[in-house]
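> I have a structure I would like to understand better, so I am pasting it below and will then ask my questions one at a time.
The values are calculated or read from the model by the stated rules, or taken from the named source; none is laboratory data. Computed from a prediction, not measured in an experiment: that's the story for all the values here. Please note: Cβ atoms are built from the backbone with ideal geometry, for glycine as well, and neighbour counts cover all protein chains shown. When the accessible area is computed, the model is the full protein with side chains, heavy atoms only, and any ligands, DNA or RNA have been set aside. Shrake-Rupley method; radii C 1.70, N 1.55, O 1.52, S 1.80 Å.
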Amino acid sequence: MNCKYFSECGACRVYEDGYEAQLNEKIQINKERFTPYFSEEISVYKSLDAHYRARSEFKIWHTDDEISYAMNHIDKKGVVLINECPQVNVYIGNLMPKLLDAIKVHAVGFKLFGADFLSSSSGEIVVSLLYHRPLDETWQEKAKKIAQELGIYIIGRSRKQKVVIGQDYVTETLHVKSDVYRFKYIENSFTQPNPRVNEQMIAWASNKFSDTKNDLLELYCGAGNFTIPFAKKFNKVLATEISKSSINAAKENMLLNQVENIEFVRMSVEDFVGALDGVREYRRMKDIDINSYAIHSVFVDPPRSGMGEYSCKFVSRYDHIVYISCNPLTLLDDLKILSQTHTVTDMALFDQFPYTHHVEMGVKLTKKGL
């Protein structure tokens, strides 16, 4: 990736030998890190080396009468003013200068401090403009003109205010092996930022369930990124998630893909386990016949904090566990618990965030004795 802000912008790290050098460093670090649990080769899934992000956030910086995009400086002292970013996909990249020009022409830059971009792979874009002031009808009329001129959707956000110009989501299409899936991605909710690597993660995780049958339990299901494709592999899927907006999006995505064998329930892992074990009854579970499920497999994609002891001991009940982690350090902590009952049979590294130290890991665990 050629970037004129390398060594200044804090979004990326510089590697003299380019993309392969940063990838090899991640591979070596994680190979050593997970050797106590897996000594075979870790499968590696690369990213594009530029224009790979479909989601990005920038500061808006005011200098006299001019405005620019800005990122934190690599030394965390001050900011770097930028006018382009090779991380973002081509649609966001092409829009960035046009949006700044439109903001100036239509005079909607007062108290504007941030711009967040969400794009589909076909170029559908929602831009969130963040303000330190209330947004009135005059702002709305100007924002409508900008949206129409640029062919985008705009969300105006200020304290306790959200103004939607058009719609607050894009529809993404993912290609997983020979299958095509469509997902509604809502502004300001979590989505995988690197769609091509996301497709590889879904394919890998689905393949790890190729030797399993019956039904699947998924924890931390989000908006159904993995759940929807998994529905083809299992008789039924029971998926839990604590976020109300994510559950609502997951249900919409299920309909969008004409999938009918998933039941979503909005509960924390702790509450779900309590309901499963009959410790307490929950109204959210009243329409779910848990006894009709024959669950032998579990999929988890927890937040950066990992699963923790309680959740790990719960999933240890099941024969097969597939774990996608966005934080290798908390994954390592969880494996200390899971390895007491399960053996790691496969691992993968997904370079979701090139030119940073971040990486996603995939782990397949099988109960000892099977």
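> Keeping all protein chains in place and using 1.4 angstrom, which order do ARG53, ARG159 fall into by accessible surface area, from largest down?
ARG159, ARG53
> Once you compute Rg and the Kirkwood Rh from C-alpha atoms, what is the Rg to Rh ratio for segment 272-340?
1.01
> Now, a different point. Relative to the longest principal Cα axis of the chain, at what angle does helix 195-208 sit, 0 to 90 degrees, rounded to 10?
Once rounded, the angle reads 0 degrees.
> What are the extents of the Cα atoms of the chain along their three principal axes, listed from largest to smallest and rounded to whole Å?
Sorted largest first, the three principal extents are 69, 50, 37 Å.
> Using Cα positions and a limit of under 16 Å, work out the aspartates and glutamates in reach of LYS367, with same-chain residues fewer than 8 apart set aside.
Those aspartates and glutamates meeting the cut-off are ASP211, ASP319, ASP334, ASP346.
> Further, regarding this structure: Could you calculate the contour length gain from GLU281 to ASP17, that is, 0.36 nm times the residue separation minus the distance between their Cα atoms, to one decimal place in nm?
89.3 nm
> To check you understand DSSP bridge types, tell me what percent of the beta bridges within the chain (both residues inside) are antiparallel, rounded to 5.
65 percent
> Could you work out the helix-only [θ] at 222 nm for the chain, with each DSSP H run of four or more residues adding -39,500 (n - 2.57) and the total divided by the number of residues, to the nearest 500 deg cm²/dmol?
Taking each H run of at least 4 residues, the total per residue is -8500 deg cm²/dmol.
> Further, regarding this structure: Could you order GLU57, GLU124, GLU218 so the one with the most accessible surface comes first? Probe is 1.4 Å.
Output order, biggest surface exposure first: GLU57, GLU124, GLU218.
> Right, next: Considering only protein heavy atoms and a 1.4 Å probe, what is the carbon-and-sulfur percentage of the accessible area of segment 49-99?
48 percent
> Assuming 0.36 nm per residue, please report the length gained on full extension of the stretch VAL90 to SER245 beyond their Cα-Cα distance. Working shown, then result.
Working: separation 155, 0.36 × 155 = 55.80 nm, distance 2.86 nm.
Value of the extension gain: 52.9 nm.
> Can you tell me the length gained on complete extension of the stretch LYS162 to GLU57, counting 0.36 nm per residue apart and subtracting the Cα distance?
36.1 nm
> Give the separation of the Cα centroids, segment 248-278 to segment 160-174, in Å.
23 Å
> Now for a separate question. What do you reckon, how do ARG317, ARG196 stack up by accessible area (1.4 Å probe), largest on top?
ARG317, ARG196
> Any lysines with Cα under 24 Å of the LYS251 Cα? List them, leaving off those in the same chain fewer than 8 positions away.
Leaving aside lysines fewer than 8 places away in the same chain, those within reach of LYS251 are LYS162, LYS177, LYS184, LYS213, LYS232, LYS233, LYS236, LYS286.
> If you don't mind, there's one more thing I want to ask. Which residues among segment 33-53 fall inside the zone where the amide N is under 20 Å from a point 7 Å beyond the Cα of PHE6, along Cα→Cβ?
46-53
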